[in-house]
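Inspection log for the structure reproduced underneath, given as structure tokens.
The values are calculated or read from the model by the stated rules, or taken from the named source; none is laboratory data. Computed from a prediction, not measured in an experiment: that's the story for all the values here. Ideal geometry is used to build each Cβ from the backbone, glycine not excepted, and the neighbour counts take in all protein chains shown.
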Amino acid sequence: MGNVVRGYNAERCICDMLRSKNRVDIECYTAALKLYFSRKEKNLNRLAEYATKI
């Protein structure tokens with residue numbers, strides 16, 4: 001349709017959810033955290049870096 005959609009990595013999405021957790025459904029919030037931390041490809045160093053910048 002010609003719309004530009006920006007994609008981020010999982011760590012950025014988690015930080016965005018944590019920053020605005022009052023606006024995110026609790027079920028979606030907990031499911032996203034559980035899925036992220038169960039992944040083998042998670043990058044905790046990048047997550048910590050993003051968390052300090054927010």
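Across the stretch 3-38, the number of residues qualifying as charged (D, E, K, R) and more than 13 Å from the chain's Cα centre (by Cα) comes to 4. The set of residues from the stretch 1-39 being in a helix (DSSP H, G or I), modelled with pLDDT under 90 and of a type in the set (S, T, N, Q) comprises just one member, N22. Scan the stretch 1-36 for residues that are among the polar types (S, T, N, Q) and more than 15 Å from E49 (Cα to Cα) and jot them down. Within the stretch 1-36, N3, S20, N22, T30 meet the criteria. Reported count of residues in the stretch 40-49, each being in a helix (DSSP H, G or I) and either exposed (fewer than 13 other Cβ atoms within 10 Å of the Cβ) or of a type in the set (K, R) (or both), is 5.
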